[in-house]
Amino acid sequence: MYLKPLNRLRKTLGFRLTAWYSGLFILSTLALFSTAYLLLSSSLQRRDRAALRLKLKEYAAEYQRGGLEATQRKSAFENSQAGKALYFVRVAGPDNSTLFFTLPKQWTNFDIAQLEKRSVSAPRQWLQVPITAADEDDDDDDVLEIDSVRLPDQRLLQVGASTEGREDLLERFGNTCAGIMIPVVVLGLAGGALLALRALRPLRGLTTSLQAIVATGNLAARVPVTDTGDELDELSLLFNGLLDKIGLLITGMQNSLDNVAHDLRTPLTRVRGLAEMALQSEENRDLLRDALVTCVEESDQILAMVNTLMDISEAETGAMHLEVATVSVLGLIEQVVELYRYVAEDKGITISASAPPELSIPADRNRMLQVLANLLDNALKYTPGGGRVEVAVSSTPHQVVITVTDTGIGIPPEDVAKIWQRLYRGDKSRSQRGLGLGLSLVKAIVQAHRGQVEVFSESGCGARFVLHLPVQTPA
Ligand code: ADP
């Protein structure tokens, strides 16, 4: 069902490519034949006209030598010779009235009478006499092509020949071309379909792989890539990249789910164990009370974990509602530091915080407090007694930069990229309380404010978390 559009696209592309390839082949063959026909026709015409012109000169010379009668005799003699080329010869007076003409008997259907009405103005004007109206059905293309010359006594000498031979040759050539065109069309269609089939092979591979994935749910299948580097190959590569990404996301989701299940199981098992113990010792009220208190504490922890997970997911998907207002950065920092002052004193850690009083950012105050509280909580948690924690603020025209630096245990290089993942906890941190969700929430909230967070740290050399927050209202 999902593959219907892809199959339709393949069919449409198949038809279009076939039409293109076949059309191109057939059209180029047609263009080739047409050019050959035109070239042949013009070269035959040039040959015939050159012969006619030569004949005209011959007759003009004969007229000069022996006048009208000699011309008449020559024409009658030449046309009676078997196997020789036939010519129409006409001599007309200065007023274009026919003085004599010879027309071979094969050409009596030409409308010679009209010549008296057609004056020859230019010296090199070719006249074409069609066949008489009564004979038009016989052969429409033949004409009598005539060359004329004005004689010294102002009479007109005309010599002509039928284009019949030329037309016959051209007709035969045309018929041969038409005969060749039939297999050319069939060949063109078959070749076009074959080429289209070849060109669409990657798309077929794509559809087949998709079909396999949809049918089996196996994301390990990949579309074959032909290494031709064409657009369809690019599409296949892109599709494979997409499958890689989906695979990674699904693995990530499965891991998260496994971690959540694992992290929920421990407190839930504890709650259940306590409840069971309490049931068995119904008599002892103090024991019952203690068990209930622990149950409430463990349930709170489970609830906190589920709530934080939901907050992260809301912030990441953009569903988190932010009460954005102009918030004083100094005010935010003072409030958080005040919150953790006793914890720091308890551990013997010095906290210092400073910020320019005029700086403010557009932000959800409570969410920002949550971000800073998480960073400060971590800094105090992972810094041994006698250490220092510093909160500093600087600014550029576009952003406010808040830095939380500590002199604690630091983060090993292999952990730096992982600490932002849900439920990830560093090996050295397991002795401390925590859910492994604090930094995921920090990152999600900061990004929901169109900001960025980064960490600089080395094992044993403390850690520095840097927040970049835009001074423009998040869109
Ligand atoms: P939690 O602190 O509950 O384990 P977090 O998501 O806040 O979870 O932090 C993830 C991990 O990042 C911690 O387990 C710890 O290994 C490391 N980490 C965070 N902040 C610091 C810090 N300031 N110094 C050293 N390690 C830290």
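Check region 439-446 and report whether any residue there is away from the ligand (no atom under 12 Å from the Cβ) and under 49 Å from the mean Cα position of the chain (by Cα).
Yes.
Restricting to region 185-223, and then to whatever is within 20 Å of LEU248 (Cα to Cα) and part of a loop (DSSP other than H, G, I, E, B), can you tell me which residue is least open to solvent (accessible area, probe 1.4 Å)?
Top of the filtered list is VAL223.
Checking the condition out of contact with any Ser or Thr (no Cβ under 8 Å at 6 or more places or on another chain) and within 15 Å of VAL455 (Cβ to Cβ), which residue from VAL404, VAL343, VAL337 passes?
Exactly one residue qualifies, and that residue is VAL404.
Here's a check for you: in region 394-432, which residue that is within 6 Å of the ligand (Cβ to nearest atom) and of a type in the set (A, V, I, L, M, F, W, C) is farthest from the chain's Cα centre (by Cα)?
Among them, the one singled out is ILE409.
Looking at LEU435 and the list (1) near the ligand (Cβ under 7 Å from one of its atoms); (2) free of Cβ contacts under 8 Å to residues at least 60 places away in the same chain; (3) in a loop (DSSP other than H, G, I, E, B), which single condition is not satisfied?
Among (1) near the ligand (Cβ under 7 Å from one of its atoms); (2) free of Cβ contacts under 8 Å to residues at least 60 places away in the same chain; (3) in a loop (DSSP other than H, G, I, E, B), LEU435 violates only (2).
Quick one: GLN452 ticks every box in (1) open to solvent by less than 20 Å² (accessible area, probe 1.4 Å); (2) more than 8 Å from the ligand (Cβ to nearest atom) except a single one, so which number is it?
Of the numbered conditions (1) open to solvent by less than 20 Å² (accessible area, probe 1.4 Å); (2) more than 8 Å from the ligand (Cβ to nearest atom), the odd one out for GLN452 is (1).
Quick check on my filter: what residues within region 389-401 are under 16 Å from ARG450 (Cβ atoms) and without any contact (Cβ under 8 Å) to a residue 40 or more places away in the chain?
Of everything in region 389-401, just one residue is under 16 Å from ARG450 (Cβ atoms) and without any contact (Cβ under 8 Å) to a residue 40 or more places away in the chain, namely THR396.
Determine, yes or no, whether GLY451 is touching a residue at least 40 places away in the same chain (Cβ under 8 Å), closer than 30 Å to PRO356 by Cβ and touching a His at 6+ places or on another chain (Cβ under 6 Å).
Values: touching a residue at least 40 places away in the same chain (Cβ under 8 Å): yes; closer than 30 Å to PRO356 by Cβ: yes; touching a His at 6+ places or on another chain (Cβ under 6 Å): yes.
Answer is yes for this residue.
Here is a yes/no grid of residues against (1) closer than 20 Å to LEU170 by Cα; (2) open to solvent by 60 Å² or more (accessible area, probe 1.4 Å); (3) assigned to a helix (DSSP H, G or I):
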| position | (1), (2), (3) |
| --- | --- |
| ARG16 | no, yes, yes |
| LEU30 | yes, yes, yes |
| THR35 | yes, yes, yes |
| LEU39 | yes, yes, yes |
| GLU62 | no, no, yes |
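Restricting the search to region 455-475, which residues are more than 37 Å from the chain's Cα centre (by Cα), away from the ligand (no atom under 13 Å from the Cβ) and crowded, with 19+ Cβ neighbours inside 10 Å?
Hit for region 455-475 is LEU467, nothing else.
Tell me, please, whether a residue that is of a type in the set (D, E, K, R) and either over 46 Å from the mean Cα position of the chain (by Cα) or near the ligand (Cβ under 10 Å from one of its atoms) (or both) can be found in region 360-376. Before you say what the answer is, go through the steps one by one.
Kept after step one, since they are of a type in the set (D, E, K, R), are these residues of region 360-376: 364-365, 367.
From the residues that got through so far, the ones that are either over 46 Å from the mean Cα position of the chain (by Cα) or near the ligand (Cβ under 10 Å from one of its atoms) (or both) too are none.
The answer is no; no qualifying residue exists.
The values are calculated or read from the model by the stated rules, or taken from the named source; none is laboratory data. Computed from a prediction, not measured in an experiment: that's the story for all the values here. Here Cβ is always computed from backbone atoms with ideal geometry, including for glycine, and neighbour counts include all displayed protein chains. What goes into the accessible areas is simple: the full protein's heavy atoms, side chains included, and nothing from ligands, DNA or RNA. Shrake-Rupley method; radii C 1.70, N 1.55, O 1.52, S 1.80 Å.
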